[in-house]
1. Divide by every residue of chain B the summed helix terms, -39500 (n - 2.57) for each DSSP H run of at least 4, and state the resulting mean residue ellipticity at 222 nm, rounded to the nearest 500 deg cm²/dmol.
2. Let me check I have the definition right: for segment A:383-477, take the eigenvalues of the Cα gyration tensor, multiply each by 5, take square roots. What are those semi-axes in whole Å, largest first?
3. Residues of B:198-208, mean number of Cβ from any other protein chain within 10 Å of their own Cβ, rounded to a whole number?
4. Using only C-alpha positions, report the orientation-averaged shadow area of the convex hull of segment A:323-386, nm², one decimal.
5. So what is the relative contact order of segment A:113-262, in percent, for Cα pairs below 8 Å that sit 6 or more residues apart?
6. Using only Cα positions of segment A:95-245, each an equal point scatterer, no hydration layer, compute I(q)/I(0) via Debye at q = 0.11, 0.16, 0.19 Å⁻¹ and quote the log10 values to two decimals.
7. Quickly rank B:70-77, A:80-87 as a protection proxy: mean count of other C-beta atoms within 10 Å, highest first.
8. Full extension from A:Leu71 to A:Ala525: what is 0.36 nm times the residue separation minus their Cα-Cα distance, to one decimal in nm?
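What follows is calculated from the coordinates using simple rules that are stated; it is not laboratory data. Worth saying up front: this structure is predicted, and the values here are computed from it rather than measured. Cβ sites come from the backbone with ideal geometry, for glycine too, and all protein chains shown count toward neighbours.
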Amino acid sequence: MSGHHNPSGRHHDHDHGHHQLSFLRKYVFSVDHKVIGVQYAVTALVFLFFGFSLMMLMRWQLAYPGKSLPLLGGLFPPDGVMKPEMYNSLGAMHGTIMIFLGVVPLLVGGFGNYVLPLQIGAPDMSFPKLNMMSYWAYFVGGVVMLSSFFVPGGAANSGWTSYAPLSVIAGKGQTVWLLGMVFLITSSLLGSVNFITTIVQLRAKGLTMFRLPFFVWAQFVTAFLLLLAFPPLEAAAVLQLMDRLAGTSFYMPEGLVVSGVPQAYTGGGNPLLYQHLFWFLAHPEVYVLILPGMGIVAEVIANNTRKPLWGYRAMVYSSIFLGFMSFIVWAHHMFITGMGTKISAFFAATTMIISIPSVIILTAMIISLYRGSIRFNVPMLFALAFLPMFAIGGLTGLPLGLPASDIQLHDTYYVIGHFHYVVAPGTIFAIFAGIYFWYPKVTGKRLNEALGKIHFWLSLIFMNVVFMPMFFQGLAGVSRRLYDQTVYAHGEAVQTLTRMSSWGAWMLGVAQLPFILNFVMSLVASRKTAENPWQATTLEWAAPTPPPHGNFLVPPVVHRGPYEYSVPGMKRDFFPQHLVVEG
Amino acid sequence: MIGAALWAGTAVAPRAALAQAAAPKMEGVKIDGEYGPFLPTDVSRDGHRIDGLIDLLHYFMIALFVGWGIFFVYCLAKFRQRPGRKADYEMVKAKPSKYAEIVVAIFEAVLLLGFSIPIWASVKTPDPDPNPVKVRVIAEQFAWNFHYPGKDGKFGKTAPKFINTATNPAGVDPSDPVGNDDVVSGELHLPVNKSAMCEITSKDVIHSFFIPVMRVKQDAVPGMRIPVWFHPVKTGTYEVACAQLCGNNHYSMRALLFLQTESDYNAWLEKKSAPAETFDEG
């Protein structure tokens, strides 16, 4: 695009899209937030499925330890049996891919980029070129991460957490992992600056902060979390890189003896420093994973209960509070490192406090159902399922957040069950709700409802088959990241549960086929949808469907709050934000 | 036996070869206790407090979930879209939700102040037992070493430079007479009805010292020596697990825990501290 793009000049700039752009500039190196959003979303969906596939492979070794893999045995020469180092690589890459290449880019880069400027009535993001750059930094980071599978010694295998010293003495894959992370962090930082500026600067006339859809608020808080939490991780990654490559010992104490061989590190470093830096990011990251998901669910619930969200302001204040608090809970991941009573009491207290705003948000969304007129379409089904699934994830955080009960449960499958309930049937259901909800906006086509319902019910059932057994494995004392839990008596005793989880995971994989089919087929097969198929109130539906470059034909002016549904005395049951009188 | 096989492997085999080592299965040694989909057997004096808290938490969680769930399902059934019914624009004044939130907050405060902090404080305060069994626990990829001070009750000097994975895994200084009667074993033997005072450390990476039946878990961090204590009450053979990813064979980093009567324990220690036999496979 010929260097000219001036979002602030939205009052005169109605000639967007009239330029002749080359294919490359329009669909590949585009600066249009919608194209970038779609690029992010599609890339992240592919990564999400890839990361899930790694786990489906690992589930074979867990269910049938030491047995050679059927059909895909060729992946693990010579005998088709996955080796422990491969298991650890797949585990580390599963976590890394799902979080940093899948869920976050999808929520923030995908949904945030596409929906947010539309919802605030802006023609684009504040910094379109920065936006493009953040996508390409993400893309390169992803390619670097994937390439690490081909490095001698394989991909990083020290867990997605990459704790030192294990990660420092690990093979070359870890260096590639760190470099990949630097790209991904850069991408997130560029994105977060752009989101904050856009929300502050480019809101349509009349769109005050408390008229913003909750989704925008969620993205706003998320952007601050990314902006403030990622730099410490970047520092942590660079220090680790130096320990690996430059012979420093930021994380390395003196006197290390690995496999009987004394190590050359000068010492003076502390392995726990890495954990503090890592979790200083990674705990806010948890809220990065959940807040935009809550935002999507709030939109879908308001739309499909046909009434305003209950406690909108309380939800906004709660998410801001959540954002602040998320910076002072990190060490609850580290109770077992040898923490004393006072420090652990502090972090346990902040952890209990941070549960309150989550409870408020969840409660507000459930109360929003009361006296609504609930439509059970596919986006709503996913949004509704999010609520109890996230509740399970949140509640099971309690025994982990209290240091005393954490002693037994720390680093067991209980933890895996807990955070997967938050992120998988939690956030990923929110993502599906968002995809089914905004697909018509993006493509002008609607996804097939029948296929969607099959997808929903199978996913709901199998998500629980996968993750529910993990709580019992955890109580039994089975540690996470074990290549073969049957080595232990308590592991052998619950091996049936492990198998159940594995079968659940494979069936969950099969359950995604209707979705993939639907996603592709609807694009070509289905009829063009109405301009506002869900009869929604927020501004993204005030733009043409799909929106042209520059988004709005006329800059919208906002007259009311985001969820004016079923306003008494009106003929229609929704009153869009931009209309002066009932249309 | 298991420990020795691993140490032998560690001493001679390069890392890549180690990864191929066969998994040490449980053959031959019967592990006592009941294991299943809930908390395992508890053979400690104090573990019931942790179990009690875990139980209480789960009752609380289930109560909250069922409470929310009933309201949720009620709303879905009652307020589904039907012809001729409009959603209610007016916000309900939901006092009960405020009460629910306050109850949750109070309950969490009680759990924290009334249970978690006192339990944690007692875990972190050394047991008043004036004469506990002292053991240094030294973790390495992928084995546990248990260093006992021997009859004199004093640990010999140790240094990394003396470490030999096959003959001197704890790195006891051979020139220090205090260390002559020290015992280093790949098995953890402890007498029951006596507190065990362990100091946890690691030679290489972070491990985590986990005894499921004792409700004990403590990371082993290289460069740090972290105390942890517990009080076994029932004899039997149990397991020590590694709970922190520590490398390829993390899953096999398992040691046996023998809880013995005081006389059996003393006999074992006696046998082990005989000269020229300070270290063998246990």
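1. -9500 deg cm²/dmol
2. So the three semi-axes of segment A:383-477 are 33, 13, 8 Å.
3. If you average over the peptide's residues, the count of other-chain Cβ atoms is 5.
4. Values: hull surface 24.0 nm².
Reported value for the Cα convex hull: 6.0 nm².
5. Working: 172 pairs, mean separation 42.8, N = 150.
Rounded, it is 29 percent for segment A:113-262.
6. -0.47, -0.83, -1.05
7. The peptides rank, most packed first, as A:80-87, B:70-77.
8. Between A:Leu71 and A:Ala525, full extension yields an extra 160.1 nm.
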